[in-house]
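To keep things clear, I will list the structure first and then write my remarks on it.
Each reported figure results from applying straightforward, stated rules to the coordinates on display, with no laboratory input. Quick caveat: nothing in here was measured; it's all calculated off a predicted structure. Backbone-built Cβ (ideal geometry, glycine too); neighbour counts: all protein chains shown.
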Amino acid sequence: MHDEPVIAASGLTVVRGKITALRDLAFQLGAGKLIGLIGPSGSGKTTLMRAIVGTQQITRGEIKVLGLPAGSKQLRARIGYVTQSPAVYQDLTARQNLWYFASILGLPKSEADAALKAVDLSAGAKQLVGTMSGGQRARVSLAVALLGKPDLLVLDEPTVGLDPVLRKRLWELFAELAAQGRTLLISSHVMDEAEQCPELLMLRDGKLLMHGTKKELFERTGTRTVHDAFLKLAEGEQ
Amino acid sequence: MSPRRTFATSARVLQQLGHDHRTLGLLFVVPVVLLGLLAWILSDMPGVFDMIGAALLGIFPFVVMFLTTSIATLRERSSGTLERLLAMPMGKLDIILGYALSFGLLAVIQAVVASTVAVRLYGLDIAGPEWLLVVLAVANALLGTTLGLFASAFARTEFQALQFMPAFIFPQFLLCGLLVPVDRLPSVLEAIANVLPLTYAVDAMQLISRQTAVSGELVTDLVIVLAFAVAAVVLGAATLRRRTR
């Protein structure tokens, strides 16, 4: 059943005002993969993620998620989306946040508590999110996205500004989720982070620089780091 | 739309306020203090407080809920929680009704506290039944909640949302019949006053203070206020977009 791509884009173009945020993107992503969406800030990563979860209107082209047009009603329970700034209620505790979103998804409280545990926040469950550190807030937001075991997780810069130890643990969690058959699309503007992803999508100025496995990338560019590979590809464009 | 999601949302809004004791305190204490101040100001003018006091009991929940809702929804929009909810299997009406329910409940408490103190302590003399004051206060609160939700769609920042208070509320306050009876306004202003919801809310409150029985006029006023609230819910739902350009 995993032959069908989880995300399939063709001719995907998004124009916002006078800016063309995404230009004619075409790619297919398979299930059970950990895919890094890499590009400098302003390259269109967030716009692409919003197009995938269906909150961004598409100007031209097509994007299908799990075989359905992005934004379809049936997809809403199957995608977990974490925005760059933590979209959780500051004036609730971590647990109250999780319980609320769980009840919206029709899940028992035990699932909410399990999600908190997965992001290592069980101890701080009763703390108000507004009094938490940036990293803790980001993890509450991530826990919400884990609710209901969605098939696709779209995470916008989930590890930025986190303590390296914690960051390592989160990448382990992501790899574990991918091993369970879920697809994770994780954006980052930090090239080093991309080293954690076996598969990469590289964006620059709204254009797809490259899509492939990390191995393919290194072979094609003759480099040994994602950073150098990106530079090489970007130079080739100009 | 589902009752589970609506109730979960209103429970969540109440939980948020539960962590904010100061707002809760202000919500219930400010109307009482203001009514007391008014009663004191008018203490040498017999009968005037009875007329204005009842009308103010209707205006407080309207104004307070308008402000609270417009700020609360604006925060939902800017923090990204609204986008997150709309990306989930969540009905737009669940969000609006969830807010309306919890603020409606607060309005009941506010109205009971304010009218009880006004009648028992400040000697507000109303001809009609006290429970009717509460019913109308709740209707006005719902109107404020739904209009606030609608208005918040046009604000990008908290500053702008705050400016909607003078922009949306003050004209209605000036024209509602409290300062000058509506039928004595210049004809153009009278026509405008007749299409503004607060006019009917204040008219209803003044009817209660004068009449012992529930008149057809009063019921009409109440229906009109609720119709405005329903219209604002529909318009408010239309402003909650799942997709943006």
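Got a sec? How would B:Phe154, A:Phe230, A:Phe27 order by Cβ neighbour count within 10 Å, fewest to most?
B:Phe154, A:Phe27, A:Phe230
Quote the charge dipole size of chain A about the Cα centre in Debye, to the nearest 20; the model charges only the Cβ of Lys and Arg (+1) and of Asp and Glu (-1).
Here chain A has a charge dipole of around 520 debye.
What's the angle, to the nearest 10 degrees (0 to 90), between helix B:3-18's Cα axis and the longest principal axis of chain B?
It works out to around 70 degrees.
Roughly what would the spin-label model give for B:Leu24 and B:Leu179, points 7 Å off Cα along C-beta, in nm?
Placing both labels 7 Å along Cα→Cβ, they lie 3.7 nm apart.
Residues of A:104-116, mean number of Cβ from any other protein chain within 10 Å of their own Cβ, rounded to a whole number?
On the way: counts 13, 4, 5, 0, 0, 0, 0, 0, 0, 0, 0, 0, 0.
For peptide A:104-116, the averaged partner shielding equals 2.
Mind putting a number on the dipole of the protein assembly as shown about its Cα centre? Charges go on the C-beta only, +1 for Lys and Arg and -1 for Asp and Glu, and I need it in Debye to the nearest 20.
Values: 45 positive and 38 negative charges, 246 e Å.
Around 1180 debye, computed over the protein assembly as shown.
Just want to confirm a number: the relative contact order over segment B:166-245, from Cα pairs under 8 angstrom separated by 6+ residues, in percent. Walk me through the numbers on the way to the answer.
Working: 47 pairs, mean separation 19.1, N = 80.
24 percent.
Residue by residue through A:81-92, how many Cβ atoms from other chains fall within 10 Å of the Cβ on average? It would help to have the intermediate numbers written out before the result.
On the way: counts 5, 2, 6, 1, 3, 4, 9, 4, 9, 5, 9, 5.
Averaged over the peptide's residues, the number is 5.
Once phi is turned into ³J(HN,Hα) by the Karplus curve 6.51 cos²θ - 1.76 cosθ + 1.60 with θ = phi - 60°, what whole-Hz value does each residue of segment B:145-159 show in order, with x for glycine and proline?
4, 6, 5, x, 4, 5, 5, 4, 5, 9, 10, 9, 10, 4, 4
Could you sort the peptides B:201-207, B:168-174, A:44-50 by per-residue average Cβ neighbour count (10 Å cutoff), highest mean leading?
B:201-207, A:44-50, B:168-174
List, largest first, the extents of the alpha carbons of chain B along their principal axes, each in whole Å.
57, 41, 34
From a point 7 Å beyond the Cα of A:Ala234 in the direction of its Cβ, which residues of segment A:163-195 have a backbone N at a distance under 16 Å?
A:188-195
Between B:Arg184, B:Arg77, B:Arg210, which gets the highest mean-square fluctuation from a Gaussian network model of chain B, Cα cutoff 10 Å?
Top of the fluctuation ranking is B:Arg184.
What distance in nm separates the simple spin-label points at B:Asp125 and A:Glu195, each placed 7 Å from Cα in the Cβ direction?
8.5 nm
If you restrict to DSSP beta bridges whose two residues both lie in chain A, what percentage is antiparallel, to the nearest 5?
55 percent
Between B:Asp44 and A:Thr20, with labels modelled 7 Å along Cα→Cβ, what's the label distance in nm to one decimal, could you check?
Placing both labels 7 Å beyond Cα along the Cβ direction yields 7.7 nm.
For chain B, modelled as a GNM with alpha-carbon contacts under 10 angstrom, which of B:Val63, B:Val225, B:Val234 fluctuates the most?
With Cα springs under 10 Å in chain B, the top fluctuation among B:Val63, B:Val225, B:Val234 is at B:Val234.
Any chance you could check the Cα centroid distance between segment B:53-80 and segment B:141-167 for me, in angstrom?
Each part reduced to its Cα centre gives a spacing of 7 Å.
Show that you can apply the helix-only estimate: for chain A, add -39,500 (n - 2.57) for every DSSP H stretch of four or more residues, divide by all residues, and state [θ] at 222 nm to the nearest 500.
-10500 deg cm²/dmol
Give me the percent of DSSP beta bridges within the protein assembly as shown that run antiparallel, rounded to the nearest 5.
Of all bridge pairs located within the protein assembly as shown, approximately 50 percent are antiparallel.
Please tell me which of these pairs span more than 20 angstrom C-alpha to C-alpha: A:Lys109/A:Lys149; A:Lys18/A:Lys64; A:Lys207/A:Lys232; A:Lys109/B:Lys92; A:Lys73/A:Lys117?
A:Lys18/A:Lys64; A:Lys109/B:Lys92; A:Lys73/A:Lys117
Given the Cα-Cα distance of A:Arg78 and A:Glu172 and 0.36 nm per residue of separation, how much length would full extension add, in nm?
Between A:Arg78 and A:Glu172, full extension yields 31.6 nm more.
May I ask for the distance between the Cα centers of segment A:117-146 and segment A:35-68, given as a whole number of Å?
Cα centroid to Cα centroid, the span is 26 Å.
What full-extension length gain, to one decimal in nm, is calculated for A:Asp205 and A:Lys149 as 0.36 nm per residue of separation minus the Cα-Cα distance?
Value of the extension gain: 16.9 nm.
Set the Förster radius R0 to 25 Å, insert the Cβ-Cβ distance between B:Thr116 and B:Val195 as r into 1/(1 + (r/R0)^6), and round the FRET efficiency to 0.05.
So the FRET efficiency works out to roughly 0.15.
Just to check I understand the Karplus step: with θ = phi - 60° and J = 6.51 cos²θ - 1.76 cosθ + 1.60, what whole-Hz values come out for segment A:16-27, glycine and proline as x?
My calculation for segment A:16-27 gives 10, x, 9, 9, 8, 7, 9, 10, 6, 7, 9, 6 Hz in order.
Which whole number gives the average, over all residues in B:87-93, of C-beta atoms from other chains lying within 10 Å of the residue C-beta? If you can, show how the numbers build up before the last one.
Details: counts 15, 11, 10, 4, 0, 0, 0.
Average neighbour count from other chains, rounded to a whole number: 6.
Taking the Cβ-Cβ separation of A:Lys117 and B:Val234 as r and a Förster radius of 25 Å, what is the calculated FRET efficiency to the nearest 0.05?
According to the calculation, E is roughly 0.05.
Among A:Gly135, A:Thr93, A:Ala77, pick out the residue whose Cα is farthest towards the positive end of the charge dipole of segment A:19-140, where Lys and Arg carry +1 and Asp and Glu carry -1 on C-beta, about the Cα centre.
Of A:Gly135, A:Thr93, A:Ala77, it is A:Ala77.
Charges at C-beta only: +1 for Lys and Arg, -1 for Asp and Glu. How large is the resulting dipole of segment A:1-123 about its Cα centre, in Debye rounded to 20?
My answer is approximately 340 debye.
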